[in-house]
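Structure record follows, encoded as structure tokens.
The values are calculated or read from the model by the stated rules, or taken from the named source; none is laboratory data. A quick note: this is a predicted structure, and the numbers were derived from the prediction, not measured. The protein model used for the area step is the full one, side chains on, heavy atoms only, and it has no ligands, DNA or RNA in it. Shrake-Rupley method; radii C 1.70, N 1.55, O 1.52, S 1.80 Å.
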Amino acid sequence: MAQSAVPSAQQSRPAPVRVPVREVVPWAVLAAVLGLVLIYFVGAEQGATSLFGGNWVHEFTHDGRHLLGFPCH
């Protein structure tokens with residue numbers, strides 16, 4: 001009537017899913033590069049380290065800088 005909390009040897013357990021690392025690594029590298037580019041543009045694209053002239057990148061990412069805690073004024 002009552003079931004045991006410990007599975008018996010007769011019950012089968014699902015096999016663990018294997019994740020092929022060779023398929024995940026390129027996507028992880030792409031995500032890391034995009035993340036670093038995003039952090040650069042939100043956090044450092046102004047002043048002496050600026051890659052693009054003008055203020056348009058600063059104005060485009062201005063609210064994101066304040067939201068993430070980067071100083072910009």
Shape of segment 33-73 from its Cα gyration tensor (a ≥ b ≥ c, root eigenvalues): rounded if a/c is under 1.5, otherwise prolate when a/b > b/c, or oblate? oblate
Accessible surface, segment 33-73, averaged per residue in Å² (probe 1.4 Å): 75 Å²
Linear extension gain, LEU51 paired with VAL24, 0.36 nm per residue minus alpha-carbon span: 6.6 nm
Taking all protein chains in place and a 1.4 Å probe, what share, in percent, of the accessible surface of segment 33-73 do carbon and sulfur account for? 72 percent
